[in-house]
1. Could you tell me whether any residue of region 158-178 is on the phi > 0 side of the Ramachandran plot and not assigned by TED's automatic domain parsing to the domain that holds Gln266?
2. Would you please name the residue that is farthest from Pro317 (Cα to Cα), looking only at residues in region 182-232 that are assigned to a helix (DSSP H, G or I) and among the hydroxyl-bearing types (Ser, Thr, Tyr)?
3. Please pick out the residue among Arg167, Arg203 that is surrounded by fewer than 20 Cβ atoms within 10 Å (Cβ to Cβ), modelled with pLDDT of 95 or more and more than 23 Å from the chain's Cα centre (by Cα).
4. Taking into account only those residues within region 248-272 that are of a type in the set (D, E, K, R) and touching a residue at least 24 places away in the same chain (Cβ under 8 Å), which is surrounded by the fewest Cβ atoms within 10 Å (Cβ to Cβ)?
5. Out of Gly227, Gly187, Gly223, Gly278, I need the residue that is more than 21 Å from Ala163 (Cα to Cα) and not charged (D, E, K, R). Which one?
6. Quick check on my filter: what residues within region 233-267 are part of a loop (DSSP other than H, G, I, E, B) and at negative phi?
7. For region 87-95, indicate whether the set of residues that are aliphatic (A, V, I, L, M), in contact with a Phe, Trp or Tyr (Cβ under 7 Å, 6 or more places away or on another chain), part of a loop (DSSP other than H, G, I, E, B) and touching a residue at least 60 places away in the same chain (Cβ under 8 Å) is non-empty.
8. Could you list, in sequence order, the residues of region 218-257 that are β-branched (Val, Ile, Thr) and either within 23 Å of Leu334 (Cα to Cα) or in the same structural domain as Arg101 (by TED's automatic domain parsing) (or both)?
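The values are calculated or read from the model by the stated rules, or taken from the named source; none is laboratory data. Quick caveat: nothing in here was measured; it's all calculated off a predicted structure. Reconstructed Cβ throughout: ideal geometry from the backbone, glycine too, with neighbour counts over all protein chains shown.
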Amino acid sequence: MDLGRRGVKLRRMMHRRQVILATAVALAAPSVSRAQTGDARLADLRAAAAQLPQLHSLQVMRGDEMLFAEAPRGPGLEALANIKSCSKSVVALLLGAALDRGDIASVTAPLSDVAPRLLPRDATEGAGAITLEDLVTLRAGLERTSGANYGGWVSSSNWVADALRRRMVAEPGGRMLYSTGSTHVLGAALAEATGLSLLEQARQRLGRPLGIEIPPWTRDPQGYYLGGNQMALRPTAMLKLAMLMRDGGRYGGTQVISEDWIAASQVARARSPWSGMGYGYGWFLTRSGYVLARGYGGQVIAAHPGRGLAVAITSDPTQPARSDGYFGALVDLLDGPVLALA
């Protein structure tokens, strides 16, 4: 490791240790401190957040009460933010909406039944048998298009076909292979099955009932909206999605997504090889009870149904947020000062 990379890693470790220390102080203080007022707990949260220079905004809601809503850096709570791979969790919700409406017969339906015209003639053997469940849980078995392969994938002339021509490196439905290509194929399949673009689905089935703006985002050469990256939402809109997950698919008295789908989304079907978190239908699951969407740089949409919490976090989208670095520090923040507010 060169000195520059070592220095960056050391700084990340120091930031995370500071958050852990702030959390430990809050949780391990004498019993008289544990009876501190809500204002003091909020001060603990603010102090811990101040130790995270990548953090742009943080909102925490308990039930219907907004406990914390601050944007110490960045463009603010009402400015559009690139939610990066949190988009994968939005696509997962749209899959639930399509199933609710009967656009798709079953989450276990194979791609060859749902959207046969997406399959190129030279698709990898077995690609047509990949199910929507395999795609939404990132267990398609195909070689990943994320990480080092991402640039080549988005430079191809047909993103869907390129993803489906990739070699099989695991059994479909087996281990988790984090790949934006899998979610993009899912998004294209939803467009084929519903007759609506992913943007139209997002606006009609999430944007309208939640009262949030969903602007157009990146499309592939065939016109399919990128399923799994580059969506933009206001932080306040991200919080509404967190509330939707927390409240069993309901928002403002309306059942936006079926309770059954939300519950099924919160059952671990795979496990991340990096963070160790469980992964359901497009949402990560933490040991402490959070259901969360995670995007590059530290974009987070999190719900803790057991404690009645909804949380939205935006961060500098140009900086990495690894599980052993800044994202780990955000998890410490969620598990410590944020959970202490419940």
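1. yes
2. The qualifying residue farthest from Pro317 (Cα to Cα) is Thr194.
3. Within the list Arg167, Arg203, the selection yields Arg167.
4. Arg271
5. Checking each option against the conditions leaves just Gly278.
6. If the condition is that a residue be part of a loop (DSSP other than H, G, I, E, B) and at negative phi, then Arg234, Asp247, Val256, Ile257, Ser258, Gln266, Val267 are the ones that fit.
7. no
8. Scanning region 218-257 gives Thr218, Thr236.
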